[in-house]
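A.B. asks: Quick one: the structure is below, and I'll ask about it shortly.
The values are calculated or read from the model by the stated rules, or taken from the named source; none is laboratory data. Note that this is a predicted model, so its numbers are computed, not measured. Because the Cβ atoms are built from the backbone with ideal geometry, glycine has one as well, and the counts that use them run over all protein chains shown.
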Amino acid sequence: EKLQDPEITRPVNIGFPYIKPSRSSQLTERLAHLKSQRNNATLERLSRERKLEVDLEQVRGDWLKTSGPFHVKRVAEHYGVYEHLFGRFAYFVPRVELNIHYEVGDLLHPVRYGNILKPSDTQTAPNVQFDGNFLFAGDSAGEQQQESLWCLLLTNPDGHFEDSEKEYCHWFVGNIPNGNISKGEELISYLQPFPPKGTGYHRHIFVLYKQNARIDFSQYRRTDAFDLPGRTFRTLDFYRQHQETITPAGLAFFQSDWDTSLTAFYHEKLQLQHPVFEYDFPAPYVRDQEWFPLRKPFNLYMDKYRDPAQIRKEYLERKLAKTHPFDGPERPLRFPNAHAVKDVPSWLRTEIKKDRLGWGRINDI
């Protein structure tokens, strides 16, 4: 194994730092809270009567203030978000919570941390909310009162048609004042996910950046909403160019795969033929043929060394032989194996029963 210098390969936090609070102060606060709760007669009565309810919003708020961002970081590492956006040796801990949801009629489809949303559910731009006055570690109250600027990007690192190292930018809003998306500068309009058929799930990643000052993003502006080459993007290059003025602060992402709504989208919007991909599986290993194979059914054994196309052709010929050119195929038996198969070898009897039930190779035609 090739040795690597730990000083070079150590992951670097490109986000906001986390200042760990004093252990003693945390312990004192927890003990005081525990004591007050134990002396609360109302809580004791509600618990005894099984009427005590837990405020889940408060639980989530406490989670986001403590271990929540680190849990999100671990999920993002599991999905390869940092590696495929910022390279192998960069990460950040999401400090600002992103509340994102798509509206489809009366339904809301939230974006979490890797949940699955269909393209039909993500056709219009989502509603995005976050705390634009979030106070980071080391910030003063005076800095919190000043106008804050943010930048939001939505990219797909899995779906570029020409370069696997590039991404498609689905949405780009810069210079967002105080967390108000509607007042931000939309440089690239929203484009719905369009994963091609057969390519599996694509990650669509929202990254929120905190800006130190207003930035001129005019070089990224695109006017043609359906120009895919113009939407070619690379997060790593973008961050390297603006790393002195932007810091990643929030993260959310979902996964999406092909559905039938994309056929019309490719034809009518992108003016492209609908691409369909199929994985080319390697040929299975078949050991050399033996003269006298032991304990192996001869019909299955011999079929291993025949051309699969020839086998499918034989099944098709049998099917067509039982199909009338005007009346169609024979009616299937109501109880297939209730009809005895006589005067045939055992191996052929098994094949006939499987064909009647629709098992095995008969499904390949």
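A.B. asks: Is it the case that segment 301-311 has a residue that's among the β-branched types (V, I, T), surrounded by 10 or more Cβ atoms within 10 Å (Cβ to Cβ), within 41 Å of the chain's Cα centre (by Cα) and under 28 Å from Y285 (Cα atoms)?
C.D. replies: Yes.
A.B. asks: Which ones in segment 197-216 are buried (at least 18 other Cβ atoms within 10 Å of the Cβ) and either modelled with pLDDT under 95 or assigned to a loop (DSSP other than H, G, I, E, B) (or both)?
C.D. replies: Selection gives nothing.
A.B. asks: Follow-up question, since we're still on this one. Do we find that Q219 is assigned to a strand (DSSP E or B) and not aliphatic (A, V, I, L, M) in this structure?
C.D. replies: Spelling it out, it is not the case that Q219 is assigned to a strand (DSSP E or B) and not aliphatic (A, V, I, L, M).
A.B. asks: Restricting to segment 50-61, name every residue that is assigned to a helix (DSSP H, G or I) and loosely packed, with under 12 Cβ neighbours inside 10 Å.
C.D. replies: L56, E57, Q58, V59
A.B. asks: Has segment 81-93 got at least one residue that is touching a residue at least 60 places away in the same chain (Cβ under 8 Å), within 22 Å of G132 (Cβ to Cβ) and in a strand (DSSP E or B)?
C.D. replies: No, segment 81-93 has no match at all.
A.B. asks: What's the total number of residues in segment 22-49 that are modelled with pLDDT of 90 or more and not in a helix (DSSP H, G or I)?
C.D. replies: Within segment 22-49, residues that are modelled with pLDDT of 90 or more and not in a helix (DSSP H, G or I) number 3.
A.B. asks: When segment 188-225 is examined, which residues are found to be over 17 Å from L149 (Cα atoms) and of a type in the set (A, V, I, L, M, F, W, C)?
C.D. replies: Listed by number, the residues that qualify are I188, L191, F194, I205, A225.
A.B. asks: For segment 118-158, name all the residues that are among the polar types (S, T, N, Q), at pLDDT below 90 and part of a loop (DSSP other than H, G, I, E, B).
C.D. replies: Hits for segment 118-158 are N133, S140, Q146.
A.B. asks: Further, regarding this structure: From the list D121, D131, D106, D62, pick out the single residue that is touching a residue at least 24 places away in the same chain (Cβ under 8 Å) and acidic (D, E).
C.D. replies: Only one candidate passes the filter, namely D131.
A.B. asks: Give the residues of segment 324-336 that are out of contact with any Ser or Thr (no Cβ under 7 Å at 6 or more places or on another chain), at negative phi and exposed (fewer than 12 other Cβ atoms within 10 Å of the Cβ), sorted by residue number.
C.D. replies: H324, P325, F326, D327, E330, R331, P332, L333, R334, F335
A.B. asks: Cβ-Cβ distance below 8 Å, separation of 6 or more or different chains: which pairs start in segment 183-198 with a residue that is over 30 Å from F277 (Cβ atoms) and end on one that is assigned to a loop (DSSP other than H, G, I, E, B) and of a type outside the set (F, W, Y)?
C.D. replies: L187/R221; L187/R222
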